[in-house]
Each structure stands twice: as structure tokens, then as C-alpha cells.
1. Just give me the residues in the stretch 25-55 being within 17 Å of Asp102 (Cβ to Cβ) and open to solvent by less than 10 Å² (accessible area, probe 1.4 Å), in sequence order.
2. Confirm whether Pro76 is open to solvent by 50 Å² or more (accessible area, probe 1.4 Å) and not in a helix (DSSP H, G or I).
3. Given the conditions (1) modelled with pLDDT under 95; (2) away from the ligand (no atom under 14 Å from the Cβ); (3) within 20 Å of Lys140 (Cβ to Cβ), which single one is not true for Asp3?
4. Given the residues Glu121, Glu106, which is the only one that is acidic (Asp, Glu) and open to solvent by less than 50 Å² (accessible area, probe 1.4 Å)?
5. It is to be established whether one or more residues within the stretch 3-12 are surrounded by 15 or more Cβ atoms within 10 Å (Cβ to Cβ), closer than 17 Å to Val153 by Cβ and touching a His at 6+ places or on another chain (Cβ under 8 Å).
6. Quick check on Ala111: is it within 11 Å of the ligand (Cβ to nearest atom) and either hydrophobic (A, V, I, L, M, F, W, C) or touching a Leu at 6+ places or on another chain (Cβ under 9 Å) (or both)?
7. I'm trying to understand the selection: among the residues of the stretch 56-71, which are within 13 Å of the chain's Cα centre (by Cα) and either open to solvent by 20 Å² or more (accessible area, probe 1.4 Å) or not hydrophobic (A, V, I, L, M, F, W, C) (or both)?
8. Mind listing just one residue for me: the one in the stretch 79-103 that is part of a strand (DSSP E or B) and either away from the ligand (no atom under 12 Å from the Cβ) or not charged (D, E, K, R) (or both) and, of those, farthest from Asp32 (Cα to Cα)?
Amino acid sequence: MRDRRIGVYPGTFDPVTNGHMDIISRATHVVDHLVIGVAANAGKDPLFSLDERVQMLEEQVSRVTNGDGSEMEVVPFNQLLMNFVDALGAKVILRGLRAVSDFEYEFQMAAVNARLNDRVETVFLMASENHQFIASRFVKEVARLGGDISKFVPKEIERRTVQKLRDTGDLMTHED
Ligand code: ADP
């Protein structure tokens, strides 16, 4: 029997969206063991803490029915991606590709990672058409302005995002 193929899907997941969930369920068809790597990414000034992002993902991932019998786990990391991937014994990095706008950044990142370790391949997956345009950044912006984000994120994530923006005083009200 061949070795189990381990893949890492890294991201900030601030918060997890239907787009991410689409990629996660596709990724389970590509690898036997999927590690969803949650980057601390303090530089991006995330809305949710690392612990919150991990916990929200764990909740959502537990709902994914996994017909292939592949395994999934959510693991935070705060180091060079390639070191994280190596320590896990993973051979594949999975990334999602949205429109052309993602291409340049993803292309550069894949090239840098290939230079760091040429035994690890980056594989790009595309979400379904109705999930392709979803981005955490827009979800937060729409929610902040009081818009409806229910089509972009799972129900519980919608609730937590609105609550978080309220707690941080960032939710615009009609009086603003
Ligand atoms: P990062 O900070 O690394 O860009 P994100 O959480 O924004 O992390 O995204 C993680 C990965 O998921 C990236 O490869 C990104 O392109 C991909 N992704 C995010 N949203 C979508 C989507 N709607 N469709 C396809 N891929 C997506």
C-alpha cells in the first residue's frame, strides 16, 4: 500500500467562508489527510484571534461529510509555511484560486515555496462558480456596513462575525 498522502491547506481564515469550505471539501478528494493550517498572520491584523479562527474552522470542518474517508485536522502555525509543511511530512500545499487577481500573488508564493523545497508541490483548486468571488475581506466589510453576509458564510460564522464587529465597536448602525 502506498503512503498516505498528506496535504496542507494554509490560510488566515478570518473568518472561514463558504469559499474556503468549498476548497476544503475538494481538497479531501486530493489527499488522504488534510491539515488546515491557520496562519497567525499578525501582520494582517486579523479581526478574530488565532484561537477563535481555529475553533470556528473546527466547528465547520466537523460538518463536512467525508465520503472518501480521508482525515482532516485544523492546526495553527506561526512559522515559515514550508517548515510547517515539512514537519508534518506533507507533500502537497493546496491553495484556492479565485479570479485573475489571485494569480500573481499565488504564482509568486508557489514559486518561492518551490525554491525552498522542491519535493513539495503546490496544487490549485477552484471553488464552484457561486463561491469563487467570496473573500473574507469583503465579508467583513459588508457585515461592518450592516449588509447581509448569509450567502457567503455558514450561519454560525455570520452570527459570530456580526457579534465580533459589535464587540469591537466596528459595526455601523443606522445612526452612524
Ligand atoms: P491568505 O491570507 O493566505 O490569502 P485566506 O484565508 O484569505 O488566506 O485564503 C486561503 C486560501 O483560500 C487562499 O489560497 C485563497 O486564494 C483561497 N480562497 C479564499 N477564498 C476563496 C474562494 N472564494 N474561492 C477559492 N479560493 C479561495
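The values are calculated or read from the model by the stated rules, or taken from the named source; none is laboratory data. Given the structure is predicted, the values throughout are model-derived calculations rather than measurements. Every residue, glycine among them, receives a Cβ derived from its backbone with ideal geometry; neighbour counts consider all protein chains shown. Areas reflect the complete protein model, heavy atoms only, side chains present, ligands, DNA and RNA absent. Shrake-Rupley method; radii C 1.70, N 1.55, O 1.52, S 1.80 Å.
1. Passing the criteria: only Ala27.
2. For Pro76, the condition - open to solvent by 50 Å² or more (accessible area, probe 1.4 Å) and not in a helix (DSSP H, G or I) - is met.
3. (3)
4. Working: Glu121 fails: open to solvent by less than 50 Å² (accessible area, probe 1.4 Å).
Being acidic (Asp, Glu) and open to solvent by less than 50 Å² (accessible area, probe 1.4 Å) holds for just one of Glu121, Glu106, which is Glu106.
5. yes
6. For Ala111, the condition - within 11 Å of the ligand (Cβ to nearest atom) and either hydrophobic (A, V, I, L, M, F, W, C) or touching a Leu at 6+ places or on another chain (Cβ under 9 Å) (or both) - is not met.
7. Of everything in the stretch 56-71, those that are within 13 Å of the chain's Cα centre (by Cα) and either open to solvent by 20 Å² or more (accessible area, probe 1.4 Å) or not hydrophobic (A, V, I, L, M, F, W, C) (or both) turn out to be Glu58, Gln60.
8. Leu97
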